[in-house]
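> Below you will find the structure I want to go over with you.
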Amino acid sequence: MTEALSATEPALASTSTYLVESLPELWFGLVVATFGVYLLLDGFDFGVGVLFAEADEAERRRFLAAFGPLWKANEVWLVLFGTVLFAGFPAAYAVILSRYYLAVFALLLALGLRGLGSKFRGERDDERWVRFWDRCFVVGSTAAPFLLGAFAASWALGEPTVVAVVPLLAGAATVALVTALGAAFLCVKLESPIRERLVRRGRAATAGYVALGTVTLVASVIRYPALRSEIQSVPMGGLCIGTIACAGVAVAAATGTRYRWFAVATGGLAVAFAAIIGVLLYPAIDPATGTTIADAVAAPLSLNLTTGFAVVFLPLIGSYFVVLYSLFDDPASDSGQYQHG
Amino acid sequence: MIVMSVRIPVSAIGDSAADLVATIAFLSPELASRIQFGWTITVHILFASLSIGLAPFLVYVTVQEVRTGDRRYARLREFWTKVFGVGFVMGTVTGIPMGFMFGTNFGSFSTTVGELLGGPLSFEVKMAFFLEAVSLGVLLFGRERVSDRFYVLSSVLVGVGAWLSAFWVLVVNSWMQTPRGYEIVTEGGTSVARLTDPVAAFFNPRFPWMYVHMQNASIIAVTLLVAGVAAYFVRTNRESDAWRTALRLAVVVLLVTSAFQAVHGDAYGRHVADTQPHKFAAMEAHYETGQADLHLVAIPTDPEAITDPRAENLYTISIPHAASFLASGGDPTAEVTGLDDFEFESPPVAIVFWSFRLMVGLGFWFIALGAWGTYRYWRGDLAEADRYLQVLMASAPLGFVALLTGWYVTEIGRQPWLVQGVLRTAEGVSPSLTSTEATLTLLGFVVGYLGLLAAFLLVCKRFVDEERDRCGVGDRDDADGTTDGRPREVTADD
């Protein structure tokens with residue numbers, strides 16, 4: 001599908017060859033990587049929203065002070081994931097999104113509730129107003145990772161609906177994962193006695209993630225016999241061991257009050273999750289239809305051009321995040337360090 | 001005329017919910033998707049253009065604040081940054097679904113033209129969204145954490161992000177109006193548009209027209225909003241230096257930008273007549289090929305003429321042959337192709353015709369408002385011109401109305417094409433989409449976005465109330481100790 005119409009174009013704008021031969025595979029890697037970065041970064045934010053449910057008013061203000069300057073930038077990674085998939089594999093993008101139509105819109109609704117809840121709660125004094133948007137924030141922050149996990153699992157397993165056993169288990173596992181991420185993030189950002197409870201929640205969530213993840217994998221082996229060889233492959237084994245190692249480090253670091261390590265280790269869990277999705281997909285981009293990377297990849301000129309932009313801008317985007325996270329690096333408090341905006 | 005051909009029995013509205021659901025389920029996936037996309041972009045565009053238009057204004061007051069240390073600029077910056085912050089979140093929340101809808105609802109469109117349009121959309125994210133979101137974090141939360149210079153830079157970068165984002169979105173949209181730089185390749189039964197020349201595709205003939213017109217429209221809309229809000233506060237407190245400054249700035253900017261928009265719009269119209277003659281004919285409700293007049297004012301003489309305007313049946317105030325003159329670039333006797341003579345069906349003429357009239361009429365109203373205000377400013381009694389201030393307040397949302405109606409002319413006038421001459425709208429819809437799915441999400445978006453708009457207005461009302469309380473009659477705001485250039489602190493009783 002990818003080959004060649006004319007070879008008379010200038011070299012940089014070739015319509016017949018990719019900049020490097022493995023460019024389609026690299027783009028597949030970029031799709032998985034942007035998904036992973038999104039899950040990691042917005043996972044912190046979702047976790048804050050999950051833990052928000054049991055926080056009192058003073059804690060909620062601190063949570064939002066830590067979350068406020070960062071979440072919008074984190075959320076952009078989802079849009080980047082979507083457009084990377086669209087630009088690299090336009091046909092797959094269309095088929096996948098229209099297949100999980102209602103789940104995709106439910107995810108967008110959850111993201112909307114999360115964003116608006118956090119933004120609007122502080123904008124009026126009225127008690128009912130605050131409670132309403134708080135509820136939106138918690139529900140959105142819990143439903144979004146659930147749907148995201150269920151969507152990713154259905155996509156990777158070629159399951160035509162998210163309302164199936166394994167995707168729902170994967171969704172639950174993702175909620176546990178973001179709770180661990182959120183607990184670690186808040187432990188880094190907050191200085192207060194509340195850390196003790198966050199550590200307990202973070203440890204429980206990490207253990208819950210490993211347990212639910214195991215159940216999900218076992219259920220996958222049973223429900224999708226065709227995928228057994230992929231699930232029992234060497235890379236999968238490595239990722240499972242990596243996940244257990246990260247979980248162990250996370251629990252130990254949380255217990256030993258080494259909160260940055262706690263955050264790094266839970267981040268490792270998120271990255272491993274995305275890598276598992278990637279291993280399950282490869283070499284297909286849409287297992288449900290059997291569409292492979294080579295089938296769906298955009299033509300050379302389009303992909304080369306988009307690659308050029310990515311090479312220039314991805315490092316720049318990385319530098320934005322370094323600036324943003326170091327600027328808001330110190331512990332957040334509710335005493336006016338952050339404007340409530 | 002797809003929109004017009006679907007009849008929803010009025011009696012069903014009052015019946016039980018089950019009947020209503022059954023009735024609405026008649027919406028085809030195509031129609032439901034179109035209404036959903038149209039409705040979501042209607043809401044999104046309000047916030048997108050709020051960001052685009054407000055960004056230069058924020059940069060101006062932030063620069064002035066840092067340069068002069070004058071507190072009235074800090075005051076304006078604080079107020080409008082709050083509005084900008086909430087508007088930005090609204091823009092993000094309403095914007096994220098748009099990109100995904102290309103895949104969910106318009107899957108065949110994405111498959112056919114994804115190789116051309118996926119790139120620009122991903123450039124938008126890489127170049128604009130991250131820049132905007134990160135800079136906004138600094139702008140909203142970082143006033144006391146960064147140097148003045150860095151703070152000014154963050155306000156500039158938020159604006160650059162907003163303008164770059166519009167750049168790539170309009171690259172995509174203008175390509176759908178005047179596609180260039182591609183070829184159609186058929187493989188295994190599916191046709192896809194393949195990029196052959198990125199420069200020709202991205203800088204297609206429509207793009208510069210659209211970008212200039214849209215960015216300027218956003219500035220006009222925000223300028224009217226700023227003018228209306230400033231008029232309100234000046235009427236609350238005639239001594240308010242901050243809001244008098246905003247008012248003076250707004251009326252002058254309004255005169256310049258709205259006059260420019262009229263001149264530019266005139267030339268843009270000629271370009272549309274060249275490149276999309278069927279859209280031009282719909283804008284003038286011109287059915288029969290021949291010489292065409294330009295209808296400055298059109299008044300329907302019977303109800304039918306509202307839903308089915310035909311130039312020959314309307315009571316109009318027209319310039320004879322002016323449409324011929326316009327379309328041909330100077331020949332009053334030139335033939336303008338009528339809607340009856342195209343090989344494809346007409347767009348919904350009524351919406352295009354009346355939207356265009358409303359947009360142009362509002363445009364002239366804005367010029368008049370700008371001229372009137374600038375004259376009072378020149379005379380030195382702008383803040384005392386009470387009637388003018390009231391008119392400004394009433395006109396505050398009209399810039400957004402003009403912007404939306406212009407957008408409807410552009411998009412609905414393109415029908416039946418999704419991509420002009422390449423893909424019809426009906427062919428672009430996801431094949432797997434069902435009526436139930438599409439109708440369900442449509443209902444969700446209608447209810448959800450109405451709620452969103454209400455919440456946004458409530459929040460803005462609170463901003464205005466707070467500002468009014470600070471702006472008590474007789475108080476000069478530079479005597480107000482709270483405007484020290486730092487953000488309001490969050491306290492336990494806040």
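> If a/c stays under 1.5 just call it rounded; otherwise compare a/b with b/c (prolate if a/b is bigger, oblate if not). Do that for the stretch A:113-233, with a ≥ b ≥ c from the square roots of the Cα gyration tensor eigenvalues.
Working: a/c = 3.71, a/b = 1.72, b/c = 2.15.
Judged from the Cα gyration tensor, the stretch A:113-233 comes out oblate (a/c at least 1.5, b/c at or above a/b).
> Can you classify the protein assembly as shown as rounded, prolate or oblate using the Cα gyration tensor, where a ≥ b ≥ c are the square roots of its eigenvalues, rounded means a/c under 1.5, and otherwise it's prolate if a/b beats b/c and oblate if not? All intermediate terms of the calculation are to be shown ahead of the outcome.
Working: a/c = 1.84, a/b = 1.17, b/c = 1.57.
Note, shape of the protein assembly as shown comes out oblate.
> Stokes-Einstein diffusion coefficient for chain A at 37 °C in a medium of 0.692 mPa s, Rh from the Kirkwood formula over Cα pairs: what value in µm²/s?
Numbers: Rh = 20.9 Å.
Answer from the Stokes-Einstein relation: 157 µm²/s.
> Let me spell out the model: positive unit charges on the Cβ of Lys and Arg, negative unit charges on the Cβ of Asp and Glu, origin at the Cα centre of chain A. What dipole size does that give, in debye rounded to 20?
Details: 22 positive and 25 negative charges, 178 e Å.
Using Cβ point charges on Lys, Arg, Asp and Glu, chain A gives about 860 debye.
> Taking a temperature of 37 °C and a viscosity of 0.692 mPa s, what whole-number D in µm²/s does Stokes-Einstein yield for chain B with Rh from Kirkwood over alpha carbon pairs?
Values: Rh = 24.5 Å.
Translational diffusion coefficient: 134 µm²/s.
> Let me ask you something else. What is the sum of charges, Lys and Arg at +1 and Asp and Glu at -1, for the other residues whose Cβ falls under 11 Å from the Cβ of A:Glu159?
+2
> Okay, moving on. Under 8 Å for C-alpha pairs, at least 6 residues apart: give me the relative contact order for chain B, rounded to a whole percent. Mind dumping the intermediate values first?
Working: 725 pairs, mean separation 109.2, N = 494.
Result for chain B is 22 percent.
> Given contacts defined as C-alpha pairs under 8 Å and at least six residues apart, what's the relative contact order of the stretch A:215-341, whole-number percent?
On the way: 58 pairs, mean separation 17.1, N = 127.
Computed over the stretch A:215-341, the figure is 13 percent.
> Relative to the Cα centre, what is the charge dipole magnitude of the protein assembly as shown, using +1 at the beta carbon of each Lys and Arg, -1 at the beta carbon of each Asp and Glu, and rounding to the nearest 20 debye? Each step should come with its number before you reach the end.
Working: 57 positive and 74 negative charges, 438 e Å.
Its charge dipole is roughly 2100 debye.
> Let me ask another. In deg cm²/dmol, rounded to 500, what helix-only [θ] at 222 nm does chain B give when every DSSP H run of at least 4 residues adds -39500 (n - 2.57) and the total is split over its residues? All intermediate terms of the calculation are to be shown ahead of the outcome.
Values: 19 runs with 335 residues, N = 494.
Calculated at 222 nm, the ellipticity per residue is -23000 deg cm²/dmol.
> List the residues whose amide H sits under 5 Å from the amide H of A:Thr292, counting only those 5 or more places along or on another chain, with H placed 1.01 Å from N in the peptide plane.
A:Ile285
> Related question: If you take the beta carbon distance between A:Leu316 and B:Arg145 as r and set R0 to 35 Å, what does 1/(1 + (r/R0)^6) give as a FRET efficiency, to the nearest 0.05?
Details: r = 22 Å, r/R0 = 0.62.
For R0 = 35 Å, the calculated efficiency reads 0.95.
> Per residue of B:83-94, how many C-beta atoms from partner chains lie within 10 Å of its own C-beta, taken as a mean?
Numbers: counts 0, 1, 5, 5, 0, 2, 9, 5, 0, 9, 10, 2.
That average works out to 4.
> Can you classify the stretch B:297-369 as rounded, prolate or oblate using the Cα gyration tensor, where a ≥ b ≥ c are the square roots of its eigenvalues, rounded means a/c under 1.5, and otherwise it's prolate if a/b beats b/c and oblate if not? Display every interim value, and only then the final one.
Numbers: a/c = 1.66, a/b = 1.08, b/c = 1.53.
Oblate is the answer for the stretch B:297-369, as a/c is 1.5 or above yet b/c matches or exceeds a/b.
> Can you give the average number of partner chain beta-carbon atoms within 10 Å of each beta-carbon in peptide B:178-187, as a whole number?
1
> Here's something else I'd like to know. Under the Kirkwood approximation applied to all pairs of distinct alpha-carbon atoms, what is the hydrodynamic radius of the stretch B:165-232 in Å? Mind dumping the intermediate values first?
Values: mean 1/r = 0.0710 Å⁻¹.
For the stretch B:165-232, inverting the mean 1/r across all distinct Cα pairs yields 14.1 Å.
> Could you give the distance between the Cα centres of the stretch B:128-163 and the stretch B:370-442, to the whole Å?
Computed from Cα coordinates, the inter-centre distance equals 28 Å.
> Note the full-extension length gain between B:Asp308 and B:Thr186 as 0.36 nm times their separation in residues minus their Cα-Cα distance, in nm to one decimal.
Numbers: separation 122, 0.36 × 122 = 43.92 nm, distance 3.94 nm.
This chain segment gains 40.0 nm when fully extended.
> Using a 10 Å cut-off on Cβ atoms, rank the peptides B:171-178, A:141-148 from the highest mean neighbour count down. Write out the running numbers ahead of the final one.
Values: B:171-178: 22.8, A:141-148: 26.0.
Peptide ranking by packing, descending: A:141-148, B:171-178.
> For a Förster distance of 41 Å, can you work out the FRET efficiency between the beta-carbons of B:Thr434 and B:Leu458, rounded to the nearest 0.05?
In this case the efficiency is close to 0.70.
> Right, another one. Could you rank the peptides B:412-424, B:332-344 by their average count of other C-beta atoms within 10 Å per residue, with the highest value first? Could you put the intermediate results ahead of the total?
Values: B:412-424: 19.6, B:332-344: 14.9.
Descending packing order for the listed peptides: B:412-424, B:332-344.
> FRET efficiency for B:Asp341 and B:Phe203, Cβ-Cβ distance as r, R0 = 51 Å, nearest 0.05? All intermediate terms of the calculation are to be shown ahead of the outcome.
On the way: r = 31 Å, r/R0 = 0.61.
Calculated transfer efficiency: 0.95.
> Let me ask you something else. Given labels modelled 7 Å from the Cα in the Cβ direction, how far is it in nm from A:Arg124 to B:Leu296?
Spacing of the two 7 Å Cα→Cβ label points: 4.6 nm.
> Can I ask one more? Under unit Cβ charges (Lys, Arg +1; Asp, Glu -1), what dipole magnitude, rounded to 20 debye, does chain B have relative to its Cα centre? The partial results should precede the final answer.
Details: 35 positive and 49 negative charges, 280 e Å.
Charge dipole of chain B: 1340 debye, to the nearest 20.
Each reported figure results from applying straightforward, stated rules to the coordinates on display, with no laboratory input. The structure presented is a predicted model; accordingly, all values stated were derived computationally and were not measured. Positions of Cβ are backbone-derived with ideal geometry, glycine not excepted, and every protein chain shown enters the neighbour counts.
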